[in-house]
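J.: Attaching a single structure in structure tokens format; questions to follow.
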Amino acid sequence: MNFDDTPQEAAFRQEVRSWIAANAPKQYETGLKTSGFGHTALEGVDIIKVSKEWQKKKFDAGWACLHWPKEYGGRGATPIERVIWQQEEGVYAALSSLFIIGHGMCGPTMMAYASEEHKRKYLPLLAAGEHIWCQLFSETAGGSDLAGLRTKAERDGDDWVVNGQKIWTSGAQHSDYGILITRTDPTVPKHKGLTMFFLDMKSPGIEIRPIKQVNGQSGFNEVYFTDVRIPDSQRLGKVGDGWNVSLTTLMNERLSIGAGMPTGFPELLDFCCSLETDNGPAIDNPAVRSKLASYAVRTSGLKYTAFRSISALSKGETPGPENSIGKLVAGPTMQEIAMFALDLQAEAGALLSPEQAAASARFQAMLLRSPATRVEGGTDEILRNIIAERVLGLPADIRVDKAVPFNQIPTSGR
Amino acid sequence: MGRDMEFDFSDDQKQLKDQARRFLEAKSSPKAVRAILEGPEPYDKALWQGLAEMGFMGTAIPEEYGGLGATYLELCVIAEELGRAVAPVPFASSIFLAAEFLLAAGSEEQKQAYLPKLASGEIIGCFALAEGVGAATPKRIQADVAGGKLSGTKLPVLDGDVADFAIVAAKTGAGNDARSISLFIVDLKSANVKRETVETIDPTRSQAKITFSGAAAELLGAEGDGWNIIERVLDHAAVLTAFEQLGGADRALEMARDYALDRMAFGRPIGSFQAVKHMLADMYVSATLARSNCYYGAWALSTGSSELPEAAATARVSATQAYQHCAKNNIQVHGGMGFTWQFDCHLYYRRSNLLALTLGSLSTWEDKLIARLRAKNAA
């Protein structure tokens, strides 16, 4: 049990720290610190421009996508060095959110399945933040049941022609490229007829419509495909092997989303210390303390679960599906914390303008953003299935459509 | 050592854990635990003797006092295995409390007199704090000592009917504040001590009502410093007890998982129904958070970190929640059979609810945790 760096790691940490101190965009430090959970304190700043500039600066100095091989724009760093970087990057990591999907999911999928030529061409530009990538997986007919997707790709000479619709595509409106899973054979069972591609998001026939969300923002999109042509050379994996290719992506998604997720507890603790009631600060109330304690141990439990994963990583072990607990705990906790903070504000908990609402309306923003956390990247229910099946070894769900040709699966519940 | 982020037990410690598990699986089987639950003996004397022979009691007691002089980390892994086996012995009272009180506040003479015998299992110690219903606070303590004689009633005292001596919290000063409380060592076999075993929710860990009527009492630590010592020692005991709770939580989860795999209903194992799977997944989440928080506590305890008060309360709250959660849902997964005397689920249900109360209840520890986080936040 110790938290000490080895001499090499301490030296690496020092190098990271010095570089960040000399190069980080400090003018945004305070704003980034108080942003989050759908709340931004960086009004009037072109966040995309600032994010791209920071990414490029990191890339030029060799600090982008640390764990990627050098020839693809990374640093060839060890998993522990990557963790040290994340710890040291601190608030500036928020400027990487535009690239999370590209670096965390599309990049690893390309690395596993794209041709060498394509890897060398696209990955360094992705690492440098010059290109933004998105992941075109979910559909109206296939969310948790991803393999139920219906967007079809048909072979035509050296190309594939794509028609259909994707939904919940984060950042599609800013994206240059995307990875796309399609159905190429509807006559075989659903997991067997899928094929993965990557494509230029500026291709003719793509239409992107932002989705207006519960919180009024539009981070997600619908993407429509009408006779969009993709060269066969941009196929990732074999025809019909798209399901296995997608598992690479999803495994990386859970790892990158699950690590060190915030719950909003430090913000709530601050708020309860400062909120005055008839009987002193709210934190003096035993009912408040009891709730805070439960949120505190969940938050701390996540932090030290991440430490245990890092410890395993440093011994060369691969963190497994147990990492699913990160989002499963953080999502609902953040939602509970938001509701509790509003309850403490009583009638004024309804106020949404940062000028009028308590704590610059951050808990209201959290309330309106948190439902998405419990759905995106694997719903709470899917995560519980993963834990039950892959960690505890319980039987898989009985899937009545598993052996049925896709085009014979019923499409309506009644 | 200097390994980065070694946030885990060492290979040697894991080996010790395996050794403790094998020993306890043989000597503290459900059958052995039931013998205490159903029989006249207050604790398993053969098991106690066996634990002593393994050297487990002396794990974290320094060598000059007859112990092995290992670290608290070794004691944590043993605690976890004791919890897993719902061991019906006064280990926690004697080692997590009595020995820790002596190490924290005992004079050299007191340490020499008691620690070697605690380390060898020759004598059993306990801690007598509560005086009836409600959280034990300085204000509620009525037992008092005048002229070296203790009078008052303690109820309940965990292992108080089997211990040779008790560390007793009693009033020595005027007023109701912490400074009015001092600690005493009292020989429970001496004259003017009357004790009776009381009925409790978990008979596998015996408890007593002890009445002192002018019993000889020897001061432990400075007069008026009793409450401070209690707070410090309870932080140590909280981490160790949290590991005991963690061991129980994990075993309850395993029992539920195994039953869900075996039990068929509607032509399927019940573990294939999502309602059951999700209940088990939530139990796993609780147990995993508790494990991570316990490791935080173990780190703080073993390094003497200034974060110990926060870490101990975190581990204690988290492990209490996890054990209660896993033990009650273990019965739920077992359905009606889980409510029978014949199935072992209730051994864990009883113990989880007992351990949630010893050292101060969940709400007391929640309160301490937030007070400590608040102080840190203000600093």
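J.: So A:ILE382 clears everything in (1) away from chain B (no Cβ under 14 Å); (2) within 29 Å of B:MET255 (Cβ to Cβ); (3) among the hydrophobic types (A, V, I, L, M, F, W, C) except one condition, right? Which one?
T.: So the condition that A:ILE382 fails would be (1).
J.: With respect to the numbered conditions (1) more than 23 Å from A:SER311 (Cα to Cα); (2) hydroxyl-bearing (Ser, Thr, Tyr); (3) within 14 Å of chain B (Cβ to nearest Cβ), which one is the sole condition not fulfilled by A:SER35?
T.: Of (1) more than 23 Å from A:SER311 (Cα to Cα); (2) hydroxyl-bearing (Ser, Thr, Tyr); (3) within 14 Å of chain B (Cβ to nearest Cβ), only one is false for A:SER35: (3).
J.: I'd like to check which helices (runs of 4 or more DSSP H) are fully inside segment B:1-100 and have at least 1 residues that are within 14 Å of chain A (Cβ to nearest Cβ) and modelled with pLDDT under 95.
T.: B:11-27
J.: Further question on the same structure: Considering only residues that are of a type in the set (Gly, Ala, Ser) and within 8 Å of another protein chain (Cβ to nearest Cβ), look in segment B:273-294 and name the one that is nearest to B:ALA249 (Cα to Cα).
T.: Residue satisfying both the conditions and the ranking: B:ALA290.
J.: All but one of (1) modelled with pLDDT under 95; (2) in contact with a Phe, Trp or Tyr (Cβ under 9 Å, 6 or more places away or on another chain); (3) more than 23 Å from A:GLY129 (Cα to Cα) hold for A:VAL214; which doesn't?
T.: All conditions are met except number (2).
J.: In segment B:163-182, which residues are without any contact (Cβ under 8 Å) to a residue 40 or more places away in the chain and surrounded by fewer than 18 Cβ atoms within 10 Å (Cβ to Cβ)?
T.: Within segment B:163-182, B:ALA174, B:GLY175, B:ASN176, B:ASP177 meet the criteria.
J.: Based on what the data block shows, is B:LEU246 buried (at least 23 other Cβ atoms within 10 Å of the Cβ) and out of contact with any His (no Cβ under 8 Å at 6 or more places or on another chain)?
T.: Yes, satisfied.
J.: Of the numbered conditions (1) surrounded by fewer than 24 Cβ atoms within 10 Å (Cβ to Cβ); (2) under 18 Å from B:GLN110 (Cα atoms); (3) aliphatic (A, V, I, L, M), B:ILE61 fails exactly one; give the number of that condition.
T.: So the condition that B:ILE61 fails would be (1).
J.: Suppose we filter A:ALA388, A:ALA403 for residues that are closer than 17 Å to B:GLY271 by Cβ and either facing another protein chain (nearest Cβ under 9 Å) or surrounded by fewer than 16 Cβ atoms within 10 Å (Cβ to Cβ) (or both); which single one remains?
T.: A:ALA388
J.: Residues being part of a helix (DSSP H, G or I) and either modelled with pLDDT of 90 or more or over 12 Å from B:THR288 (Cα atoms) (or both): count how many of those fall in segment A:310-324.
T.: 6
J.: I'm checking my understanding of the structure. Among residues of segment A:125-147 that are in contact with a helix residue (DSSP H, G or I) (Cβ under 6 Å, 6 or more places away or on another chain) and surrounded by fewer than 23 Cβ atoms within 10 Å (Cβ to Cβ), which one is modelled with the lowest pLDDT?
T.: So the residue we want is A:GLY142.
J.: Whether any residue in segment A:186-197 is surrounded by fewer than 16 Cβ atoms within 10 Å (Cβ to Cβ), part of a loop (DSSP other than H, G, I, E, B) and either modelled with pLDDT of 95 or more or within 14 Å of another protein chain (Cβ to nearest Cβ) (or both) is what I want to check.
T.: For segment A:186-197, residues surrounded by fewer than 16 Cβ atoms within 10 Å (Cβ to Cβ), part of a loop (DSSP other than H, G, I, E, B) and either modelled with pLDDT of 95 or more or within 14 Å of another protein chain (Cβ to nearest Cβ) (or both): present.
J.: Do you know which residues across segment B:164-204 are hydroxyl-bearing (Ser, Thr, Tyr), under 17 Å from B:ALA216 (Cβ atoms) and assigned to a strand (DSSP E or B)?
T.: B:SER182, the sole residue that qualifies.
J.: I've got another one for you. From the list B:THR303, B:THR340, B:THR314, which residue is in contact with a helix residue (DSSP H, G or I) (Cβ under 6 Å, 6 or more places away or on another chain) and of a type outside the set (A, V, I, L, M, F, W, C)?
T.: Of the residues listed, the single one that is in contact with a helix residue (DSSP H, G or I) (Cβ under 6 Å, 6 or more places away or on another chain) and of a type outside the set (A, V, I, L, M, F, W, C) is B:THR314.
J.: Could you list, in sequence order, all residues of segment B:242-272 that are within 9 Å of chain A (Cβ to nearest Cβ) and not in a helix (DSSP H, G or I)?
T.: B:ARG268, B:PRO269 - these are the residues of segment B:242-272 that are within 9 Å of chain A (Cβ to nearest Cβ) and not in a helix (DSSP H, G or I).
J.: Could you please tell me which pairs satisfy a Cβ distance under 8 Å, a separation of 6+ or placement on different chains, a first residue in segment A:139-153 that is within 20 Å of A:ILE398 (Cβ to Cβ), and a second residue that is in a strand (DSSP E or B) and of a type in the set (A, V, I, L, M)?
T.: Short answer, once both residue conditions are applied: A:LEU146/A:ILE181; A:ALA147/A:LEU194.
J.: Another question, then. Go through segment A:289-327 residue by residue and tally those that are in contact with a Lys or Arg (Cβ under 7 Å, 6 or more places away or on another chain) and not hydroxyl-bearing (Ser, Thr, Tyr).
T.: So the answer is 2.
J.: Among (1) within 15 Å of B:ASN293 (Cβ to Cβ); (2) surrounded by 21 or more Cβ atoms within 10 Å (Cβ to Cβ); (3) under 23 Å from the mean Cα position of the chain (by Cα); (4) at the interface with another protein chain (Cβ under 10 Å from one of its Cβ atoms), which single condition is A:THR333 missing?
T.: Unmet for A:THR333, out of (1) within 15 Å of B:ASN293 (Cβ to Cβ); (2) surrounded by 21 or more Cβ atoms within 10 Å (Cβ to Cβ); (3) under 23 Å from the mean Cα position of the chain (by Cα); (4) at the interface with another protein chain (Cβ under 10 Å from one of its Cβ atoms): (4).
J.: Just checking, how many residues over segment A:139-184 are among the hydrophobic types (A, V, I, L, M, F, W, C) and under 20 Å from A:PHE220 (Cα atoms)?
T.: 9
J.: Continuing with this model, one more query. Please go through segment B:184-222 and pick out each residue that is in contact with a Ser or Thr (Cβ under 7 Å, 6 or more places away or on another chain) and either surrounded by fewer than 16 Cβ atoms within 10 Å (Cβ to Cβ) or hydroxyl-bearing (Ser, Thr, Tyr) (or both).
T.: B:ASN192, B:LYS194, B:THR197, B:SER206, B:THR211, B:SER213, B:GLY214
J.: In addition: Looking at A:THR169, is it among the β-branched types (Val, Ile, Thr), outside the structural domain of A:MET105 (by TED's automatic domain parsing) and either crowded, with 16+ Cβ neighbours inside 10 Å or assigned to a loop (DSSP other than H, G, I, E, B) (or both)?
T.: Yes: the conditions hold for A:THR169.
J.: Let me ask another. Evaluate the following for A:ALA330: is it over 16 Å from A:GLY378 (Cβ atoms) and in a helix (DSSP H, G or I)?
T.: no
J.: Give just the number: which of (1) assigned to a helix (DSSP H, G or I); (2) of a type in the set (D, E, K, R); (3) at pLDDT 85 or above does A:GLU253 not satisfy?
T.: (3)
J.: Report whether or not B:LYS277 is at pLDDT 95 or above and either hydroxyl-bearing (Ser, Thr, Tyr) or more than 27 Å from the chain's Cα centre (by Cα) (or both).
T.: Judged against the criteria, B:LYS277 is a match.
J.: Still on this model: Give me the residue from segment B:295-315 that is buried (at least 24 other Cβ atoms within 10 Å of the Cβ) and more than 9 Å from chain A (Cβ to nearest Cβ) and, out of that set, nearest to the chain's Cα centre (by Cα).
T.: Among residues in segment B:295-315 that are buried (at least 24 other Cβ atoms within 10 Å of the Cβ) and more than 9 Å from chain A (Cβ to nearest Cβ), the one nearest to the chain's Cα centre (by Cα) is B:ALA312.
J.: It is to be established whether one or more residues within segment B:127-150 are part of a loop (DSSP other than H, G, I, E, B), surrounded by fewer than 16 Cβ atoms within 10 Å (Cβ to Cβ) and touching a Leu at 6+ places or on another chain (Cβ under 7 Å).
T.: yes
J.: Still on this structure: Is there any pair linking a residue in segment A:263-283 that is touching a residue at least 40 places away in the same chain (Cβ under 8 Å) to one that is assigned to a loop (DSSP other than H, G, I, E, B) and not charged (D, E, K, R), with Cβ under 8 Å and at least six apart or on different chains, and which?
T.: Qualifying pairs under 8 Å: A:GLY264/A:PHE37; A:ALA282/A:LEU275.
J.: Determine, yes or no, whether A:ALA358 is at negative phi, assigned by TED's automatic domain parsing to the domain that holds A:ALA282 and not aromatic (Phe, Trp, Tyr).
T.: yes
The values are calculated or read from the model by the stated rules, or taken from the named source; none is laboratory data. What you are looking at is a predicted structure, and each value in this text was computed from that prediction instead of being measured. Every residue, glycine among them, receives a Cβ derived from its backbone with ideal geometry; neighbour counts consider all protein chains shown.
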